[in-house]
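Data first, discussion second: the structure below is written as C-alpha cells.
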Amino acid sequence: MTTVAFPAALLERLRRARRVAALTGAGVSAESGVPTFRDVHSGLWARYRPEDLASPEAFARDPALVWNWYAWRRQNVAAAAPNPAHFALAALATLIPEFTLITQNVDGLHRRAGSQALIELHGSIQRTVCSGRQRHEVEQWTEDGSEPPRCPVCSALLRPDVVWFGESLPHDTIDAAFRAAEECEVFLCIGTSTLVYPAAELPFFAHRHGACVVEVNPHNTPLSSVADFRLSGPAGEVLPTLQRSLEAGVPC
C-alpha cells in the first residue's frame with residue numbers, strides 16, 4: 001500500500017477552506033475495474049475505434065451498432081462498484097461548507113457512492129435521452145425489438161446521455177465547472193491526465209484565480225509542475241487517508 005505523508009500546510013488549507021472543488025478522471029474509475037475509454041474495446045468491439053462508435057456521424061450511420069455498444073458498456077459499469085476514492089470524496093463533501101465535485105467520467109459511480117453536488121462534464125452512461133432537439137430524458141420505453149428504441153414523447157431514436165466526439169459540452173455544465181474552479185480556495189485534481197480539454201483547463205484556471213491546487217495521481221502530468229501539492233499514489237489509497245486526517249484533526 002502506498003504511504004502518503006501530507007504536508008501540514010495542505011491539511012491546514014483544507015481545514016480552513018470554505019469552498020473546495022475537485023476534478024476526477026479515468027484513473028479513479030479504473031480503480032473500480034472500469035476500463036478507460038481507449039481501453040474499453042474487447043471481443044466483438046476490438047475492431048472499432050472509439051471515434052467510430054461515439055459520434056453523431058456513427059449514430060446516423062448505424063444507430064443500432066452504437067446503441068448496442070453502449071448497452072455493453074452499461075453492463076460493464078453495472079458490474080463495477082464504487083471504490084474507496086469515490087466514498088472518500090463523498091465523505092470529504094461533508095467536511096467542507098461548499099464542495100463541488102466535477103467528473104469527466106460517465107459511469108455514475110460518484111452518484112452511487114453518495115456524492116451530491118456533482119457536475120458530470122461528459123454526461124452519464126446511465127441516463128438515456130432522445131436524439132431529437134428537445135433531448136427528453138427517458139427512463140422507460142416500449143420494448144418492441146427496435147434498436148435503438150423510440151422516444152415515447154417525440155418518437156426520435158434514443159441515445160445515451162453522453163457527450164460524443166464533435167459535440168460541445170452543455171453550456172450550463174461547463175459554466176458551472178469553471179465557476180466552481182474560479183471561486184474555490186482549494187482545487188483537487190484526481191486521476192486525470194489533464195490532457196482532455198476543456199476539463200484539463202480547470203485546475204490551471206483555478207490556480208490563476210488563487211486556489212491552492214493539489215494533484216492526486218501516481219503519474220506525472222502537465223499539471224505536476226504547477227500544482228502546489230502533489231500526492232503521488234492511487235486515489236483509492238490517498239483520498240481515504242486524507243479524509244481520515246481531516247476528520248481526526250491529526251497534524252502531520
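List of remarks:
- Looking across the stretch 198-207, the residues that are outside any helix (DSSP H, G or I) and either out of contact with any strand residue (DSSP E or B) (no Cβ under 7 Å at 6 or more places or on another chain) or surrounded by fewer than 17 Cβ atoms within 10 Å (Cβ to Cβ) (or both) come down to Pro198, Ala200.
- Going through (1) assigned to a helix (DSSP H, G or I); (2) surrounded by 20 or more Cβ atoms within 10 Å (Cβ to Cβ); (3) under 22 Å from the mean Cα position of the chain (by Cα) one by one, Leu23 falls short only on (1).
- Test for Ile96: is it at pLDDT 95 or above, outside any loop (DSSP other than H, G, I, E, B), β-branched (Val, Ile, Thr) and within 24 Å of Leu14 (Cα to Cα): no
- Looking across the stretch 179-216, just one residue is polar (S, T, N, Q) and out of contact with any Leu (no Cβ under 8 Å at 6 or more places or on another chain), and that is Ser193.
- Screening Val163, Val216 for residues that are crowded, with 22+ Cβ neighbours inside 10 Å, closer than 30 Å to Ile96 by Cβ and among the hydrophobic types (A, V, I, L, M, F, W, C) leaves exactly one candidate, Val216.
The rows are residues; the columns are (1) farther than 19 Å from Arg74 by Cα; (2) small (Gly, Ala, Ser); (3) in contact (Cβ under 8 Å) with a residue 12 or more places away in the chain; (4) part of a strand (DSSP E or B).
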position	(1), (2), (3), (4)
Gly114	yes, yes, yes, no
Leu158	no, no, yes, yes
Ala176	yes, yes, yes, no
Glu182	yes, no, yes, no
Phe187	yes, no, yes, yes
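- Condition check for Leu89: at pLDDT 90 or above, buried (at least 21 other Cβ atoms within 10 Å of the Cβ) and not acidic (Asp, Glu): yes
- The one condition in (1) within 24 Å of Ser32 (Cβ to Cβ); (2) touching a Pro at 6+ places or on another chain (Cβ under 8 Å); (3) modelled with pLDDT of 95 or more; (4) not in a strand (DSSP E or B) that Leu195 fails to fulfil: (3)
The values are calculated or read from the model by the stated rules, or taken from the named source; none is laboratory data. Predicted model, so just to flag it, every value in this text is computed and none were measured. No Cβ is skipped: glycine too gets one built from the backbone with ideal geometry, and neighbour counts run over all protein chains shown.
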